Amino acid sequence: MTARPQQEFTDKVAIVTGAGSGIGRAAARAFADAGARVLGVGRRRHALKETAADHSAIGVHPADLRDPEAPQQIIDDAIDRWGRVDVLVSNAGVMRMMPLPQTTAEGIEDVFSLNVTAPSLLASAALPHLRRTGGTIVNVSSTFGHRPLPQAAHYAASKAAIEQLTRSWALELASDEIRINAVAPGPTESEALAAAGLPAADVEAVKRDEAARIPLGRRGEPEEVAAWILHLADPAAAWITGQVLTVDGGLDLT
Ligand SMILES: NC(=O)c1ccc[n+]([C@@H]2O[C@H](COP(=O)([O-])OP(=O)(O)OC[C@H]3O[C@@H](n4cnc5c(N)ncnc54)[C@H](OP(=O)(O)O)[C@@H]3O)[C@@H](O)[C@H]2O)c1
């Protein structure tokens with residue numbers, strides 16, 4: 001007999017951004033397996049549909065999170081479907097190589113609009129509903145949110161920003177019993193390197209180099225990061241707030 005996954009999130013509603021691939025896809029499926037109804041957000045409808053295949057509890061909401069109207073529309077969609085929001089996972093993000101000589105206002109805006117502004121507007125739009133449910137937010141940072149990343153300084157800075165937002169909101173909302181935490185993954189299998197514009201040959205070289213630098217000797221799997229997103233959102237983690245959990249095979253220690 002196959003063991004049934006535990007159903008810690010039965011009757012709860014989770015919103016997961018960037019649910020069409022990588023860490024977001026794994027998280028959306030894991031919340032659904034744990035009993036939640038899940039709204040998966042991303043730009044590509046077909047990728048979201050693939051995430052939702054075989055998971056009838058996952059609904060899809062195609063949207064570009066750089067559109068300032070998208071966050072309120074996403075929350076409204078979840079409320080129209082299910083009447084509540086318990087968990088917000090702000091996972092969608094972009095990595096962009098941008099050495100200082102090539103730094104442009106457009107490049108900075110591209111990174112910050114998705115990695116910082118969108119999670120902020122989503123958290124704000126979700127707040128009345130999180131107050132009602134005693135809900136929780138899990139932001140997705142990076143190992144490079146708290147260590148330097150030459151050639152991609154604005155990516156690192158955007159992740160440092162989400163870590164400071166996590167800590168500040170945790171204090172701001174503690175009296176509402178809303179918990180805010182973050183997971184900071186290290187190099188993890190996903191579409192991120194290709195989405196950053198690296199050619200396929202360079203992607204393979206970067207992956208080899210990263211695996212060699214990680215103490216546990218390999219890149220992570222999206223499911224290994226998603227598991228910690230779920231743990232932090234779990235009601236059993238009721239006394240944890242304002243924390244950034246690094247999940248990176250020990251890279252942060254080097
Ligand atoms: N993989 C790693 O090595 C690693 C390491 C540290 C941190 N992270 C962080 O982990 C998070 C997830 O990344 P991942 O590794 O799973 O990469 P990924 O596979 O590239 O996933 C990112 C997701 O975000 C969505 N997205 C991108 N731009 C969007 C927009 N404007 N509006 C809505 N959705 C958008 C993408 O779907 P669409 O293109 O369809 O919109 C995609 O499904 C990111 O915040 C990333 O910075 C990843």
Of all residues being among the aliphatic types (A, V, I, L, M), within 22 Å of residue 225 (Cβ to Cβ) and in a helix (DSSP H, G or I) in the range 152-184, which is nearest to the ligand (Cβ to nearest atom)? Just the residue, please. 162
Which numbered condition residue 177 fails, given (1) farther than 20 Å from residue 22 by Cα; (2) surrounded by 20 or more Cβ atoms within 10 Å (Cβ to Cβ); (3) not basic (Lys, Arg): (2)
Scan of the range 43-88 for residues that are touching a Ser or Thr at 6+ places or on another chain (Cβ under 7 Å) and either touching a residue at least 60 places away in the same chain (Cβ under 8 Å) or surrounded by 24 or more Cβ atoms within 10 Å (Cβ to Cβ) (or both), ordered by number: 58, 65, 84, 85, 86, 87
Qualifying positions in the range 199-225 - open to solvent by 40 Å² or more (accessible area, probe 1.4 Å) and in contact (Cβ under 8 Å) with a residue 12 or more places away in the chain: 206, 207, 213, 215, 216, 217, 218, 221, 223, 224
Suppose we filter 197, 186, 250 for residues that are on the phi > 0 side of the Ramachandran plot and modelled with pLDDT of 95 or more; which single one remains? 250
If we ask which residues in the range 34-59 are touching a Lys or Arg at 6+ places or on another chain (Cβ under 6 Å) and within 14 Å of the ligand (Cβ to nearest atom), their number turns out to be 1
State yes or no: is residue 36 buried (at least 18 other Cβ atoms within 10 Å of the Cβ) and within 24 Å of residue 189 (Cα to Cα)? no
Counted residues in the range 63-74 being more than 8 Å from the ligand (Cβ to nearest atom) and within 16 Å of the chain's Cα centre (by Cα) come to 2
Within the range 133-151, the residues that are in a loop (DSSP other than H, G, I, E, B) and surrounded by fewer than 21 Cβ atoms within 10 Å (Cβ to Cβ) are 134, 146, 147, 148, 149, 150, 151
Return the residues of the range 180-195 that are open to solvent by 40 Å² or more (accessible area, probe 1.4 Å) and within 18 Å of residue 116 (Cβ to Cβ); say none if nothing qualifies. 192, 195
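The values are calculated or read from the model by the stated rules, or taken from the named source; none is laboratory data. All of these numbers come straight from a predicted model, not from anything done at the bench. Neighbour counts are summed over all protein chains in view; Cβ atoms, including those assigned to glycine, are modelled from backbone coordinates with ideal geometry. The accessibility values were calculated without ligands, DNA or RNA, using every heavy atom of the protein model including side chains. Shrake-Rupley method; radii C 1.70, N 1.55, O 1.52, S 1.80 Å.
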